[in-house]
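> Dumping the structure here so I can ask a few things about it.
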Amino acid sequence: MEDHAVAPAAEIVTERLAIPVGTGTMTVHAARPADSRPRPAVLVGFEMFGLTGYVTRIAERLARVGYLALVPDFYHRRSVNGSPIVLPADATGRDQGLALVGTLGREQVRDDVQAVVEHVERDPAASGPVAMVGLSAGGHIAFYAATQIPLAAVALFYPGWLTAPGTALSRPDPLLALAPRIAAPVLVLLGEADHLYTADDRAAIAAALHDAGVRHDFVTYPDTPHGFFCDERDTYRAGPATDAWQRTLRLLRAELGPGD
């Protein structure tokens with residue numbers, strides 16, 4: 001599923017960072033090319049299951065095409081002994097993940113993203129502005145981050161809970177109401193058969209971005225469920241996943257420059 005128009009980096013290195021946030025620290029999984037050249041940075045917002053092997057592989061794919069990729073642990077305030085929470089992608093994990101998503105607050109998420117951006121600004125291995133890629137719950141987080149922090153670009157893979165109040169960061173009002181605050185170009189990637197969205201929801205998201213003057217690309221894949229990008233689950237769809245990845249890389253190249 002790599003974009004073959006970009007030559008992949010020969011080697012990458014990964015590490016776990018401890019970035020200060022308020023009075024505590026947040027674990028961040030980092031992946032980058034093994035050479036010492038400064039690279040554009042991309043934050044990755046995880047699914048509700050936390051800092052899983054799947055999401056760290058997404059960061060490593062970004063590193064292989066030349067970007068510095070960082071996955072913040074947005075659950076760090078609920079972690080035990082500083083160890084990131086990792087949930088199984090099953091019914092139990094979904095229940096636990098939804099409960100954890102419900103503990104997130106807007107100020108906390110803004111502080112977390114800002115802390116990583118400030119870390120990038122100090123990192124000699126980074127260059128230029130910062131983009132963000134969000135997966136499901138991470139797309140919800142990335143949408144909000146783009147309303148609060150200057151980001152170069154945002155790619156949203158099936159972001160949840162944008163149109164109705166009451167869940168996660170859509171409290172007290174739906175996040176979609178904040179669309180006029182977004183200055184970055186936005187790529188929205190949805191499946192037509194996604195259980196989180198009705199056709200009216202999709203139309204509302206597209207209309208809000210258009211009316212706010214947000215430069216955006218809104219892509220709906222026919223007969224495609226939620227989670228189509230995750231190759232570990234039965235919701236995976238190779239065609240949409242490949243297309244979505246290539247669109248994401250094109251956005252990053254356009255707004256950050258090529259990683260290689």
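> Please find, within segment 44-67, the residue that is surrounded by the fewest Cβ atoms within 10 Å (Cβ to Cβ) out of those that are within 13 Å of VAL133 (Cβ to Cβ) and of a type in the set (A, V, I, L, M).
Only one residue tops the list, namely VAL55.
> Every residue in segment 50-86 that is touching a helix residue (DSSP H, G or I) at 6+ places or on another chain (Cβ under 6 Å) and more than 22 Å from GLY105 (Cβ to Cβ), please.
Selection gives ALA69 alone.
> Another one. Go through segment 29-43 residue by residue and tally those that are crowded, with 24+ Cβ neighbours inside 10 Å, within 15 Å of GLY138 (Cβ to Cβ) and out of contact with any Phe, Trp or Tyr (no Cβ under 7 Å at 6 or more places or on another chain).
Looking only at that region, the number is 1.
> If you scan segment 92-132, which residues turn out to be in contact (Cβ under 8 Å) with a residue 12 or more places away in the chain, among the β-branched types (Val, Ile, Thr) and in a helix (DSSP H, G or I)?
Across segment 92-132, the qualifying residues are VAL101, VAL109, VAL113, VAL116, VAL117, VAL120.
> Read through the list (1) in contact (Cβ under 8 Å) with a residue 40 or more places away in the chain; (2) surrounded by fewer than 22 Cβ atoms within 10 Å (Cβ to Cβ); (3) farther than 23 Å from PRO129 by Cβ; (4) of a type in the set (A, V, I, L, M), then give the number of the only condition that VAL86 fails.
(1)
> Restricting attention to segment 73-83, and to residues there that are modelled with pLDDT under 95 and in a loop (DSSP other than H, G, I, E, B), which single residue is surrounded by the fewest Cβ atoms within 10 Å (Cβ to Cβ)?
Checked segment 73-83; the qualifying residue surrounded by the fewest Cβ atoms within 10 Å (Cβ to Cβ) is ASN81.
> Exactly one condition in (1) farther than 24 Å from GLY102 by Cβ; (2) out of contact with any strand residue (DSSP E or B) (no Cβ under 6 Å at 6 or more places or on another chain); (3) of a type in the set (A, V, I, L, M, F, W, C); (4) crowded, with 21+ Cβ neighbours inside 10 Å is false for TRP161; which is it?
Result: TRP161 fails condition (1) only.
> Being of a type in the set (D, E, K, R), surrounded by fewer than 24 Cβ atoms within 10 Å (Cβ to Cβ), out of contact with any Phe, Trp or Tyr (no Cβ under 6 Å at 6 or more places or on another chain) and outside any strand (DSSP E or B): is that true of ARG16 here?
no
> Residue by residue through segment 22-36, note down the ones that are in contact (Cβ under 8 Å) with a residue 12 or more places away in the chain and not in a strand (DSSP E or B).
Kept after step one, since they are in contact (Cβ under 8 Å) with a residue 12 or more places away in the chain, are these residues of segment 22-36: 22, 24-36.
Passing the criteria: GLY22, ALA34, ASP35, SER36.
> Which is closer than 26 Å to THR52 by Cα, modelled with pLDDT of 95 or more and either among the small types (Gly, Ala, Ser) or within 18 Å of the chain's Cα centre (by Cα) (or both), of GLY160, GLY239, GLY259?
So the residue among GLY160, GLY239, GLY259 that is closer than 26 Å to THR52 by Cα, modelled with pLDDT of 95 or more and either among the small types (Gly, Ala, Ser) or within 18 Å of the chain's Cα centre (by Cα) (or both) is GLY239.
The values are calculated or read from the model by the stated rules, or taken from the named source; none is laboratory data. This is a predicted model, so every value here is computed, not measured. For neighbour counting, all protein chains shown are included, and Cβ atoms are generated from backbone atoms with ideal geometry for every residue, glycine included.
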